[in-house]
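The values are calculated or read from the model by the stated rules, or taken from the named source; none is laboratory data. Remember, it's a predicted structure, so these values are computed and weren't measured experimentally. Note that each Cβ is placed from the backbone with ideal geometry, even for glycine, and that neighbours are counted across all protein chains shown. Heavy atoms of the whole protein, side chains included, go into the accessibility calculation; ligands, DNA and RNA do not. Shrake-Rupley method; radii C 1.70, N 1.55, O 1.52, S 1.80 Å.
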Amino acid sequence: GIVMSGFVCVPPLREADPELKNITLPPGFRMEVFADQVTNARAMCWGHKGTLFVGSKDEGVVHALQDTDGDGKADIHHLVAQGLHIPVGVAFKDGDLYISAVDRILKLPDIEQHLDDPPVPLVVTDRFPNEEHHGWKYIAFGPDGMLYVPIGAPCNNCLSTDSIFATITRMAPNGTDLRIVAHGVRNSVGFDWHPQTGELWFTDNGRDWLGDDSPSCELNRVIAPGAHYGFPFCHADTVADPEFGTRRRCTDLIPPAAELGPHVAPLGARFYSGAQFPKKYHNALFIAEHGSWNRSEPIGYRVVVAFPQADGTARTEVFAEGWLQKSRITGRPVDVIQAPDGSLLVSDDAADRIYRIRYVHE
């Protein structure tokens, strides 16, 4: 695209895209490209005026996309931040865009009034660890008005002396009042609150190098603040860690609400509260699976949906797949978010795209 004063003129989308034909969805659903050339698209959030903000991991930029004519495709593409340190996470509150950058949370005040001339990011806090291993952060504001910030383990598998690692924390929007919400969380890169119960549900990426088929990645729910979800002592439901498993028993730790499969790398997770999808999907949790990076046969690369059950567990099924064709990878879903019209957007950091999934007919 042509870069002009902070925004990019987006070329027309390719009408007949062969890769989209490979994606299978439940009957009645259709998928289109909402935005192309969104480099390294990771986590997403909406501004109050309908701007879609998208973080990135390797590019150091934050995108802002607008669909000004309402045709279901972005027609204006701004870069509102550049040169940041792994700005994966974005969250919006009271007109301000919050961005995660490993050891700090930044803020772009009143950003939707300044998409053409974005302000210099303000530092909200710089108190987080600077380790890059699992240092990128998905962030979101909870129903309590607090900003939730996960701190991944600084390793594949270790027991850190600093209790801030392998947690989900929350803090006030001004950076004060930092508290740990969940312990024993290896690396959560997606979470959301149940529309009815208000419970926090989060994905967690299982450890590597215990073989192709173990342990499973997890979907968890926070049943009590400060509870322990297993890492590094216990993985999935009952997999005792070879190194640390003797220190705490699996039965003493919170089991996952669902096992999602080994090495699928579940990232973004959002509850569906719209009316556009059939009733079956109301209050269901959509989860983007980024896909395995070191499994001898790849797995994941899809969107699954979890249906919370009365007993606190969740039943899961595949919703969208086809980015993995045998061993050829055409895309890696990262985050999911409900659009104002009730459709579902999916970011893809391998194809540099945002897809839009909508329900068309029975």
Scan (1) open to solvent by less than 30 Å² (accessible area, probe 1.4 Å); (2) touching a helix residue (DSSP H, G or I) at 6+ places or on another chain (Cβ under 7 Å); (3) free of Cβ contacts under 8 Å to residues at least 40 places away in the same chain for the single condition Tyr272 breaks and write down its number. (3)
Considering only residues that are on the phi > 0 side of the Ramachandran plot and surrounded by fewer than 15 Cβ atoms within 10 Å (Cβ to Cβ), look in the range 38-72 and name the one that is farthest from the chain's Cα centre (by Cα). Gly70
Residues that are touching a residue at least 40 places away in the same chain (Cβ under 8 Å) and closer than 20 Å to Leu219 by Cα: find the strands (runs of 3 or more DSSP E) completely inside the range 287-362 holding 1 or more of those. 302-308, 314-321, 333-338, 344-348
Return yes or no: is Arg207 in a loop (DSSP other than H, G, I, E, B), open to solvent by less than 40 Å² (accessible area, probe 1.4 Å) and at pLDDT below 95? yes
Subset of the range 241-257 [more than 21 Å from Asp311 (Cα to Cα) and either among the basic types (Lys, Arg) or surrounded by fewer than 17 Cβ atoms within 10 Å (Cβ to Cβ) (or both)]: Pro242, Glu243, Phe244, Gly245, Thr246, Arg247, Arg248, Arg249
If a residue has to be modelled with pLDDT of 95 or more, within 26 Å of Lys21 (Cβ to Cβ) and not aliphatic (A, V, I, L, M) to count, how many in the range 287-328 make the cut? 10
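So that you can scan it fast, the table gives a plain yes or no per residue for (1) of a type outside the set (Ser, Thr, Tyr); (2) open to solvent by less than 10 Å² (accessible area, probe 1.4 Å); (3) touching a strand residue (DSSP E or B) at 6+ places or on another chain (Cβ under 9 Å):
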position: Ala288; (1), (2), (3): yes, yes, yes
position: Ile299; (1), (2), (3): yes, no, yes
position: Ala306; (1), (2), (3): yes, yes, yes
position: Thr313; (1), (2), (3): no, no, yes
position: Leu324; (1), (2), (3): yes, no, yes
position: Arg332; (1), (2), (3): yes, no, yes
position: Asp341; (1), (2), (3): yes, no, yes
position: Leu345; (1), (2), (3): yes, yes, yes
position: Ile357; (1), (2), (3): yes, yes, yes
Report the residue count in the range 73-97 for those that are open to solvent by 10 Å² or more (accessible area, probe 1.4 Å) and either over 18 Å from Ile354 (Cβ atoms) or among the small types (Gly, Ala, Ser) (or both). 10
